[in-house]
Amino acid sequence: MSLNEVWFALFIVIIAGYLILDGFDMGVGILLLPLAKTDTERRTFLNSIGPVWDGNEVWLVLGGGVLFAVFPLAYASLFSGLYLAFMLVLVVMILRTVALEFRSKESGTRWRSTWDIVFCASSLGLALLLGVAFGSVVSGLPVDANGNISTSLISLLTPFALLVGVTTAAMFTIQGAIYLLLKTEGDLHERIARTVPRLMAGFFVLNTLVVISMVAFEQDITVRYLDDIWPVIFPAAALVALAGAWVFVRRGEAFRAFLCSSAMIGLLLVSGGIGLFPNLIISTLDPAYSLTIDNAASAENTLQVALIIALIGMPFVLLYTTGVYYIFRGKTVVESDGY
């Protein structure tokens, strides 16, 4: 295995870590208004992610760093060609942070309700944008011979990309709901437990529609995925993980259900990565213009140095993440008279 292939695999692992961890943050935000009926319940939702949400986003920073240092041409093409789209992602991420930080600064009902709406809307918006981005990358982008992407924000909103965006939001909602099963108790816990199977059914339908649309309308994607057995095995394994999560939720084993839903997210992302490999960005103008792990990579000595740094630094990130979750394990308890 070459260094380029190692870094591609490591990049997929890092992005999977981000989607699994920040995915439940977004899911909690999406469910904030539909499921939390009182101010105390909403604060329970927010306090459940309060100690960990910023640490979860470290994985996104790592992913961006890998793309910048290891695959700089792909980084340059994406961030210059999709500038407006990335600005929208940045805006909703800022709004999520502001909503979490500002909500507790005042005790007024209107003040808190406003920031609850902002957090819910921005969480849903971020999930949709990430899904649309993934759908666009999977289906290909108009990359020219110089590696430039010439497209508008509207042109990215294809039916397939939008469907992937909605499916991604549904997937994160499941992750967030199962996480909340770990952190809540009483009537709120029971309400969430009744909701999770419905969310899973909705996600299954949406994911099936994604597969059908690929087969029926996205022939280029279908050819790439049917060219090898692995892109078929991983989605099948993700389906098994989803079924396992459903079984464990019915049994009241929330932690095992969370592991299964996390595995589902990771397996689906790996499936997408295998379908793309060895491409990073597929050109819809000419396959010869596609940016791959070879023509978009840094020099070999850069890859070697970056790998050494990653092998030294990533264990600390894992240790920090594990430590935070261990310290703040258990149910989230909120006093009814606080804010």
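Tabulated data for the structure shown
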{"item": "Residues in segment 164-188 that a label on residue 157 would reach, taking backbone N under 18 Å of a point 7 Å out along Cα→Cβ", "result": "164-169"}
{"item": "Accessible area in the full protein assembly, largest first, 1.4 Å probe, for 185, 41, 253", "result": "185, 253, 41"}
{"item": "Segment 32-89 - convex hull of alpha carbons, volume per residue in Å³", "result": "98 Å³"}
{"item": "Theoretical ellipticity at 222 nm over the chain - DSSP helices of four or more residues, -39500 (n - 2.57) apiece, nearest 500", "result": "-26500 deg cm²/dmol"}
{"item": "Solvent-accessible surface (1.4 angstrom probe) belonging to residue 117, in square angstrom, nearest 10", "result": "100 Å²"}
{"item": "Kirkwood Rh and Cα Rg combined as Rg/Rh, segment 117-203", "result": "1.15"}
{"item": "Rg to Rh quotient for segment 232-290, alpha carbon positions, Kirkwood Rh", "result": "1.25"}
{"item": "Hull-based mean projected area of the chain, where the convex hull spans the alpha carbons, in square nanometres", "result": "17.0 nm²"}
{"item": "Distance (nanometres) between label positions extended 7 Å along Cα→Cβ at residue 198 and residue 288", "result": "5.5 nm"}
{"item": "Prolate/oblate/rounded label for segment 229-339 (Cα gyration tensor, a/c 1.5)", "result": "oblate"}
{"item": "The chain - percent relative contact order, Cα under 8 Å, separation 6 or more", "result": "27 percent"}
{"item": "Compactness of segment 6-68, expressed as Rg and Dmax over alpha-carbon positions, Å", "result": "14.6, 48"}
{"item": "Accessible surface of residue 255 - all protein chains present, 1.4 Å probe, nearest 10 Å²", "result": "120 Å²"}
{"item": "Accessible area in the full protein assembly, largest first, 1.4 Å probe, for 83, 75", "result": "83, 75"}
{"item": "Base-10 log of normalised Debye intensity for segment 55-178 (one unit scatterer per alpha-carbon) at q = 0.18 Å⁻¹", "result": "-1.07"}
{"item": "J(HN,Hα) series, segment 306-315, from Karplus relation 6.51 cos²θ - 1.76 cosθ + 1.60, nearest Hz, glycine and proline x", "result": "5, 5, 4, 4, 5, 5, 7, x, 5, x"}
{"item": "Fraction of accessible area attributable to carbon and sulfur, the chain (%, probe 1.4 Å)", "result": "69 percent"}
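The values are calculated or read from the model by the stated rules, or taken from the named source; none is laboratory data. As the structure is a prediction and not an experimental result, all values here were calculated from the model. Cβ: placed from backbone, ideal geometry, glycine included. Neighbour counts: every protein chain shown. Only protein heavy atoms, including side chains, enter the accessible area calculation; ligands, DNA and RNA are left aside. Shrake-Rupley method; radii C 1.70, N 1.55, O 1.52, S 1.80 Å.
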